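So the structure is just underneath, and the comments pick up after that.
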Amino acid sequence: MDDVAAFADMHDDPDVARFTPLASPYTEGHARAWLDAEPGRRLEGRELALAVVVGDGPPVGSIGLRPDAR
């Protein structure tokens, strides 16, 4: 599974929709747009986004660290 498909799959979940402002259903188009924009956010110092993985498996989650999130 590639990054886009894995990212879309892990975010297209009823609990993710319930507890976050992410789109539901969360499609590969949403995932591609987010992944394409991430390097700019990181380089500008707005966010450090990290994937959560277990061993060598696909991503099972993600976390975003923002220096001034309110």
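Read the figures in this text as sums done on the coordinates, not as results from a lab. Bear in mind that the values here come from a model prediction, so they are computed numbers and not experimental data. Because the Cβ atoms are built from the backbone with ideal geometry, glycine has one as well, and the counts that use them run over all protein chains shown.
Below is a table of values for the structure above.
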| item | result |
| --- | --- |
| Residues in the stretch 38-70 reached by a label modelled at ARG32 [backbone nitrogen below 11 Å; 7 Å Cα→Cβ] | none |
| Under 5 Å, built H, 5+ apart or other chain: amide partners of ALA49 | LEU65 |
| Helix 28-43 vs. the chain, principal-axis angle (Cα, 0 to 90°, nearest 10) | 20 |
| FRET E, pair ASP9, ASP68, Förster distance 22 Å, beta-carbon r, rounded to 0.05 | 0.10 |
| Charge dipole of the chain about the Cα centre (unit charges at C-beta), most positive-ward option of LEU48, SER62, SER24 | LEU48 |
| Calculated percent of Cα pairs over 20 Å apart (choose from [x] 31; [y] 19; [z] 48), label | [x] |
